[in-house]
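Step one of this worksheet: look at the structure below.
The values are calculated or read from the model by the stated rules, or taken from the named source; none is laboratory data. Computed from a prediction, not measured in an experiment: that's the story for all the values here. Positions of Cβ are backbone-derived with ideal geometry, glycine not excepted, and every protein chain shown enters the neighbour counts.
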Amino acid sequence: MEQRRKRTIVPQVMASVLAIVYAGVLYSQHAITATNQLDGIIGAMLGLFICAGTAANLIDALYDPGARKRGAWLAANFLVLMWGLFVIIVGTTRFADSRSLPPVIR
């Protein structure tokens, strides 16, 4: 049972826009919610969501001999994967911020 995916750049563009909006909101507002823990959870989950489809595409490209000819598509996937990793790092950093810990643990 072979399942082929359509190789369009639209999902990568939408994931990039989502990551840029998240980073922009955090940069301008310094928070999405009132707590760093919730901001961190949202960031980590959003980053995993962004990376999931792109990682699947890149793994598919390893086994598809014709995928290497589509350089722009591979580059877009790699760029979105980097955006997703950036969002994961920002989210987990926000989640593990020492100012959000109780005073006993600091």
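Annotations for the structure displayed:
- Count of residues meeting criterion [in a helix (DSSP H, G or I), under 18 Å from the mean Cα position of the chain (by Cα) and at pLDDT below 85] in region 24-36: 2
- Those residues of region 56-78 which are touching a helix residue (DSSP H, G or I) at 6+ places or on another chain (Cβ under 8 Å) and under 11 Å from Gln12 (Cα atoms), in sequence order: Asn57, Trp73, Leu74, Ala76, Asn77, Phe78
- Taking residues in region 8-23 that are surrounded by 13 or more Cβ atoms within 10 Å (Cβ to Cβ), and partners anywhere that are assigned to a loop (DSSP other than H, G, I, E, B), the pairs with Cβ atoms closer than 9 Å and at least 6 places apart or on different chains are Tyr22/Ile32.
- Restricting region 83-105 to residues that are surrounded by fewer than 14 Cβ atoms within 10 Å (Cβ to Cβ) and among the hydrophobic types (A, V, I, L, M, F, W, C), the residue that is modelled with the highest pLDDT: Ile89
- Screening Ala72 with (1) in contact (Cβ under 8 Å) with a residue 24 or more places away in the chain; (2) surrounded by 13 or more Cβ atoms within 10 Å (Cβ to Cβ); (3) not aromatic (Phe, Trp, Tyr) gives one miss only, at (2).
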